[in-house]
Amino acid sequence: MELISTTHLLALVLLLFVVPKIWEACLILLWRPLMLSRRFKKQGISGPKYKILYGNISEMKKMKEEANLLVLDPKSNDIFPRVFPHYHQWMSQYGQTFLYWNGTKPTIYISDPEVAKQILSSKFGFTIIPVKRPEVFILFGKGLSFIQGDDWVRHRRILNPAFSMDRLKAMTRPMVDCTLRMFEEWRKQSNGEVVMTIDMDKEFHKLTADITATTAFGSSYEESIELCRSQTELEKFYITSLTKVFIPGTQYLPTPTNLKLWELDKKVKNSTKRIIDSRSKCETYGDDLLGVMLKAAKSKESGRQMRIDEIIDECKNFYYSGQGTTSVLLTWTMMLLSLHQDWQEKLREEIFNECGVDNIPDSDTISKLKLMNMVLMESLRLYGPVIKMFRDATQDIKIGNLDIPKGTSIVVPFLKMHTDKAIWGEDAEQFKPLRFENGISQAATNPNALLAFSIGPRACIAKNFAMIEAKTVVTLILQRFRLSLSPEYKHTPVDHFNLFPQYGLPIMLQPLDSSSQQ
């Protein structure tokens, strides 16, 4: 009798708990992919075949590994097939809009500018993809880039004053000081050689870390470099994780990878806390990014308050995002100016006319550099740091002739859209800054064609900060050096979350006048 009761009990447990889980797994792994594939096929949308659990991740990984072995002609800006070989191949097979599977996640590839504008606006039922990988929050923090709803509105409202034009103008001098400090390091490394070869990718990574820490957090050079090292290590783990299927719960296991992640996360948090604690002891908090957040921590006003853990997350988010994207913009701009000596000379002439040969630029002179602005816009178009963006459908929704089911992910491929000949003309893959002579809205057939800083309510809050920083650094470099590509350079743009040169960017720097080196 006792044996029968135990058997019945086991059967009941199986029926109540195990069978539903098996059924749920079957729905997720088999039934839903089949039904969604059929639903999209009725709309004329197909794509690579779904594979259980992995989707198309293995195919993407294999194609990227093969593409990463290719070295392009430095004069070629046709980089899409190397950076996104899977998208390139699937477009040729399935058309401009297609369905693929990121694990069990259905993902629609869409590159129409008007559709992209709607997708990137929260008004149309889309939101950022819910983050499940713990590496993402460890790297970025739960800041503006990932929070949603009322929290996002509150954070954006609090942070906006830190990026006002008056505040940004005051940041120009600290940006100059950080750049001059980099020049001094170059001088020490040169050992008296007239022509130096510098890996600009690494140098800009350190420089923008210093600028971000100094202007946004008021921290020291040593603190910023320590934080930069830890963030760079975290970034490597994050990039590696993108090609693996994530199994919920594994983030809590003491694996070698997780142990290293926890160690690096602790380093980043401790560095950030030291910066916050140091500022908290000051009589006034200041009006930079950290200052406005610390004021919010003490605020009694509803809707304008921040907790310390939120401040730490926003520091991590802005430090990594702001430092990373601007360093990439500077890197590719240097590459383009090294290739196009005519434009390097045009910019130098403009700088000398507006800023002088030896004068330190300020916010007013920087704002007068029209050709500089065109060059940076063209660099953002051809080699923009952010090369794609994802959104999630929060409900069944219709855009144009396309019905998108709830839970579907949409990828907007900025890199492809920015060189689409139907939008930018037959010279879309050529470096032609004058296309922006009459402004961004007139540069292409569609006024929303340039999406380097996104569009809509979630457009980059630090856009103006990044542009002023880039103009300041490029101005100071061109005032002092003539640039040319090193023969060692390999043209290998790669998708490491942002668009990086796979083997760095070795540039030969020749001082224009040895007496002007600082």
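Structure values in brief
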item	result
Filter result (under 26 Å from the mean Cα position of the chain (by Cα) and of a type in the set (D, E, K, R)) within the range 460-494	Lys463, Glu469, Lys471, Lys490
Residue selected from the range 187-216 under the condition touching a helix residue (DSSP H, G or I) at 6+ places or on another chain (Cβ under 6 Å) and of a type in the set (A, V, I, L, M, F, W, C), by the criterion surrounded by the fewest Cβ atoms within 10 Å (Cβ to Cβ)	Met196
Helices (runs of 4 or more DSSP H) lying entirely in the range 63-174 (those with 3 or more residues that are of a type in the set (S, T, N, Q), over 30 Å from Ser367 (Cβ atoms) and over 20 Å from the mean Cα position of the chain (by Cα))	85-94
Options Leu36, Leu15, Leu29: the member that is modelled with pLDDT under 60 and part of a helix (DSSP H, G or I)	Leu15
Residue in the range 495-505 that is over 17 Å from Phe204 (Cβ atoms), more than 18 Å from the chain's Cα centre (by Cα), modelled with pLDDT under 95 and not basic (Lys, Arg) present	no
Residues that are within 15 Å of Leu337 (Cβ to Cβ) and under 28 Å from the mean Cα position of the chain (by Cα), drawn from the range 347-380	Leu347, Leu369, Leu371, Met372, Asn373, Met374, Val375, Leu376, Met377, Glu378, Ser379, Leu380
Ser219 being at pLDDT below 90, assigned to a helix (DSSP H, G or I) and surrounded by 16 or more Cβ atoms within 10 Å (Cβ to Cβ)	no
From Val411, Val357, residue being part of a loop (DSSP other than H, G, I, E, B), of a type in the set (A, V, I, L, M), surrounded by fewer than 22 Cβ atoms within 10 Å (Cβ to Cβ) and in contact (Cβ under 8 Å) with a residue 40 or more places away in the chain	Val357
Top-ranked residue in the range 68-90 [being without any contact (Cβ under 8 Å) to a residue 60 or more places away in the chain and surrounded by 14 or more Cβ atoms within 10 Å (Cβ to Cβ); ranked as nearest to Ile507 (Cα to Cα)]	Pro81
Check on Thr172, over 20 Å from Ile461 (Cβ atoms), out of contact with any Lys or Arg (no Cβ under 6 Å at 6 or more places or on another chain) and β-branched (Val, Ile, Thr)	no
Breaking point among (1) among the basic types (Lys, Arg); (2) touching a helix residue (DSSP H, G or I) at 6+ places or on another chain (Cβ under 8 Å); (3) within 18 Å of Thr326 (Cα to Cα), for Lys142	(3)
Selection from the range 286-323 of residues that are without any contact (Cβ under 8 Å) to a residue 24 or more places away in the chain and over 14 Å from Leu159 (Cβ atoms)	Lys298, Lys300, Glu301, Ser302, Arg307, Asp309
Residue pairs meeting the criteria (Cβ under 9 Å; at least 6 apart or on separate chains; first at positive phi and surrounded by 22 or more Cβ atoms within 10 Å (Cβ to Cβ), in the range 99-121; second of a type in the set (Lys, Arg) and part of a helix (DSSP H, G or I))	none
Pro493 being surrounded by fewer than 20 Cβ atoms within 10 Å (Cβ to Cβ), within 22 Å of Pro74 (Cβ to Cβ), in contact with a Pro (Cβ under 9 Å, 6 or more places away or on another chain) and not aromatic (Phe, Trp, Tyr)	no
Filter result (assigned to a helix (DSSP H, G or I) and either without any contact (Cβ under 8 Å) to a residue 40 or more places away in the chain or within 25 Å of Lys169 (Cα to Cα) (or both)) within the range 254-266	Pro256, Thr257, Asn258, Leu259, Lys260, Trp262, Glu263, Lys266
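The values are calculated or read from the model by the stated rules, or taken from the named source; none is laboratory data. These figures come from a predicted structure and were not determined experimentally. Every residue, glycine among them, receives a Cβ derived from its backbone with ideal geometry; neighbour counts consider all protein chains shown.
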